[in-house]
Amino acid sequence: MNFDKIADRYDLWYRTEFGRYADKLERKLILKFAGPKKGEKVLDVGCGTGIYALTFTKMGLEVTCLDMSKRMLDIAKKKSKDMDVILGNVREIPFKDNTFDLIVGVTLIEFLDEPEKAVKEMRRVLKQNGRLILGVLNKFSLFALYERIGGNETYADARFYSIFELKKFGAKRWDSTMFGVKAMPRFLLNFLEGSDRILSRIFKPFGGFLVVEMER
């Protein structure tokens, strides 16, 4: 996937009804798992246009963004001068061992050829008591089925994962969210948003978005 080509329209998704619904639920669960604290050093891997990086910056964290798309990083830089942005590959993170308190990768490993190497490299630059949080699209979800059938070009080359596969990477705790799809009307998305925690308890392996904390 060439993210430079979609960078200029990437943030438009967050203005759609489904985008607002998904972002609210995904962000809530990511922040719950990440537990960000003011003053911590955080690395946002595959940061894109800086959606999460900007959130962490506003919370008072020392934020570094890493992405392979120059155009995505150009857009991220315009959102805040307080974020450091680095053009680079997650398989060769340009930092010393034990650098970051928190590392976050949201919809990252779906687009990587060697996700195991990426996770290993993220662990390398994570402090001994740090947290490595991944947000991953779930292959066993209604969302994944809908996007595949609909032929969404963004996910044409992506590999979705199940929680069972993520456990092989070293996921030590996890949860899921987002049980809706784009075709649903707003009133139904509102209902699903309000019922999300109940649905997650009942259908935990099948939420569209998985959040996992990886073993150090």
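Quick notes on this structure:
- When every residue of segment 202-215 is checked against the conditions, at least one turns out to be farther than 24 Å from residue 48 by Cβ, touching a helix residue (DSSP H, G or I) at 6+ places or on another chain (Cβ under 7 Å), in contact (Cβ under 8 Å) with a residue 24 or more places away in the chain and surrounded by 13 or more Cβ atoms within 10 Å (Cβ to Cβ).
Okay, residues lined up against (1) under 17 Å from residue 28 (Cα atoms); (2) at pLDDT 95 or above; (3) β-branched (Val, Ile, Thr):
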site: 141; (1), (2), (3): no, yes, no
site: 153; (1), (2), (3): no, no, no
site: 157; (1), (2), (3): no, no, no
site: 164; (1), (2), (3): no, yes, no
site: 174; (1), (2), (3): yes, yes, no
site: 181; (1), (2), (3): no, yes, yes
site: 197; (1), (2), (3): yes, yes, no
site: 201; (1), (2), (3): yes, yes, no
site: 208; (1), (2), (3): yes, yes, no
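- Residue match in segment 26-38 (condition: farther than 30 Å from residue 99 by Cα, at pLDDT 95 or above and either of a type in the set (D, E, K, R) or out of contact with any helix residue (DSSP H, G or I) (no Cβ under 9 Å at 6 or more places or on another chain) (or both)): no
- Selection status of residue 188, surrounded by 14 or more Cβ atoms within 10 Å (Cβ to Cβ), farther than 20 Å from residue 134 by Cβ and of a type in the set (A, V, I, L, M, F, W, C): no
- Considering residues of segment 1-46 that are small (Gly, Ala, Ser) and part of a loop (DSSP other than H, G, I, E, B) only, the residue farthest from residue 196 (Cα to Cα): 39
- Filter pass, residue 147 being modelled with pLDDT of 95 or more and of a type in the set (Asp, Glu): no
- Residue list for segment 92-120, filter: surrounded by fewer than 16 Cβ atoms within 10 Å (Cβ to Cβ) and in a helix (DSSP H, G or I): 92, 116, 117, 120
- Scanning segment 57-70 for residues that are under 23 Å from residue 24 (Cβ atoms) and surrounded by fewer than 24 Cβ atoms within 10 Å (Cβ to Cβ), we see that the one that is farthest from the chain's Cα centre (by Cα) is 60.
- When the test is whether a residue is modelled with pLDDT under 95, loosely packed, with under 14 Cβ neighbours inside 10 Å, over 13 Å from the mean Cα position of the chain (by Cα) and more than 23 Å from residue 121 (Cβ to Cβ), residue 81 passes it.
The values are calculated or read from the model by the stated rules, or taken from the named source; none is laboratory data. Computed from a predicted structure; not experimentally measured. Here Cβ is always computed from backbone atoms with ideal geometry, including for glycine, and neighbour counts include all displayed protein chains.
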